[in-house]
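What follows is a set of notes on a single structure, which appears directly below.
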Amino acid sequence: MKFLITAGPTREYLDPVRFISNPATGTLGYFLAKKAMERGHSVSVISGPCNFPEIKGVKKIQVESALEMKSVVEEKFPSCDALIMTAAVSDWRPAKRYGKKLKIKKSWNLKLVPNPDILKSVAKIKKVNQVVVGFALESASIIENAKKKLRWKKLDVLVANTVENFGDSSGNNEIFVLYPDGKIKDCSGYSKRKLASFLVLEIERHNKLKRK
Ligand code: CTP
């Protein structure tokens, strides 16, 4: 299979030296890429700025902003069998990117505009035999919110986890994997490595079912 994996954060620049971002590390994306490669798949990773290590045999495409990530995903998605969107895409970007470094001011209001939802745009061009996996990071009502996201983004698999799992954590908190048929698998306590292995096998299973 051809796997396309997004990982890490995005950076939304305000001027040449300042940006808004988040502490995503790309670790889950790394374990997914490694596992998929070990299983004999062809793997491409679209990574935002993080220390995503080189993996022999895995193609890495470096991006910075959500808009850049969106354009590479849209270019690569039509030829892949599975897209796994682990990236913590910034939901907003500054309305204006200044060309010169801003001078200090006492206080001011920064206007943000929403970034496009990459998974939502992928849903529009998705073919029936493609598997799309999304993530949901929730502070509360994890299952209810995740169910909505699964439908809204037309996903085949949605991994819901809590904000405690974000960033540098070892990932041993609440994790639920949801499917469109209503099934929910409780993966709470899985390490990121174990979750990655589980997801790669799940994607293979989905791919086989879709090809029948
Ligand atoms: N995502 C995306 N494009 C965005 C924002 C998020 O494709 N502009 C993807 C992420 O890669 C992830 C999923 O959508 O797979 C869910 O991201 P999350 O931040 O949990 O949810 P949002 O859809 O942004 O909704 P909210 O923050 O309101 O819960």
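The values are calculated or read from the model by the stated rules, or taken from the named source; none is laboratory data. For clarity, every value in this text was computed on a predicted model and none was experimentally measured. Using ideal geometry, Cβ is built from the backbone for each residue, glycine included, and neighbour counts are taken over all protein chains shown. These area figures cover heavy atoms from the full protein model, side chains too; ligands, DNA and RNA do not enter into them. Shrake-Rupley method; radii C 1.70, N 1.55, O 1.52, S 1.80 Å.
Ellipsoid fit via the Cα gyration tensor, the chain: semi-axes of 29, 19, 17 Å, each the root of five times an eigenvalue, largest first. Proximity of backbone amide H atoms, modeled 1.01 Å from N, is registered between Lys60 and Val45 at under 5 Å, excluding neighbours fewer than 5 places apart on the same chain.
Computed in the context of the full set of protein chains, the accessible area of the chain at 1.4 Å probe radius has 52% of its extent on carbon or sulfur.
Roughly what % of DSSP beta bridges within region 2-211 run antiparallel, to the nearest 5? Antiparallel bridges: around 35 percent, rounded to the nearest 5. Distance between the 7 Å Cα→Cβ label points at Asp91 and Glu144: 1.7 nm. Taking amide H positions as modeled 1.01 Å from N, with prolines and chain starts lacking one, the residues under 5 Å from Ala136 and 5 or more places away or on another chain are Val159, Ala160, Asn161.
Cross-link pairs exceeding 21 Å between alpha carbons, from the set Lys126/Lys208; Lys149/Lys208; Lys76/Lys124: Lys149/Lys208.
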